[in-house]
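In what follows, a structure is listed as structure tokens, so that the remarks can point back to it.
The values are calculated or read from the model by the stated rules, or taken from the named source; none is laboratory data. Keep in mind that what you see is a predicted model, and the values were worked out from it rather than measured. Note that each Cβ is placed from the backbone with ideal geometry, even for glycine, and that neighbours are counted across all protein chains shown.
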Amino acid sequence: MIFLYIIWLLFAAVFLYLAYATWQQSQDDLRPFSLRERDREISLPKTGEGDQTGEAFVAEFNSYLEKINSQNRKRLQASAVAYFIAGIISIINLIPMFLT
């Protein structure tokens, strides 16, 4: 019988740890992208077209990253809640064992 206590406590500990770790992971976002300044030693003719294209790419890519961050946050938080519920159910399953 003591073997069952250990198994349920182990399940509860694992699920509650996964809930905590997943919740913490949901708080981390992918950082926004930015173009770095290149060395200006090479003199290229400035047409202005490359700068506008680069800025447009950065803006579109950063909006994509914001969407991905939002989706990842929702998915990870839902997973954390599910792990927490599984941990609580594991603890609840210990109660009838103590009452017998």
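I'm trying to understand the selection: among the residues of segment 17-32, which are of a type in the set (A, V, I, L, M) and under 12 Å from residue 72 (Cα atoms)? Passing the criteria: only 30. With respect to residue 7, is the statement that it is assigned to a loop (DSSP other than H, G, I, E, B) and modelled with pLDDT under 95 true? Here the answer is no, as residue 7 does not meet what is asked. Is it the case, given these coordinates, that residue 20 is in contact with a helix residue (DSSP H, G or I) (Cβ under 7 Å, 6 or more places away or on another chain), at pLDDT 95 or above, within 30 Å of residue 1 (Cα to Cα) and surrounded by 12 or more Cβ atoms within 10 Å (Cβ to Cβ)? Taking the combined requirement at face value, the residue does not satisfy it.
Checking the condition of a type in the set (Asp, Glu), farther than 25 Å from residue 84 by Cα and either modelled with pLDDT of 95 or more or in a loop (DSSP other than H, G, I, E, B) (or both), which residue from 39, 29 passes? Before the answer, list the steps.
Working: 29 fails: farther than 25 Å from residue 84 by Cα.
Step by step, each of 39, 29 is checked, and only 39 is of a type in the set (Asp, Glu), farther than 25 Å from residue 84 by Cα and either modelled with pLDDT of 95 or more or in a loop (DSSP other than H, G, I, E, B) (or both).
Contact map, segment 1-23: first residue closer than 15 Å to residue 96 by Cα, second residue of a type in the set (S, T, N, Q) and surrounded by 13 or more Cβ atoms within 10 Å (Cβ to Cβ), Cβ cut-off under 8 Å, separation 6 or more or different chains; pairs are 8/90; 8/93; 9/90. Within segment 74-89, no residue that is surrounded by 13 or more Cβ atoms within 10 Å (Cβ to Cβ) sits with its Cβ atom under 8 Å from a residue that is outside any helix (DSSP H, G or I) at 6+ positions apart or across chains.
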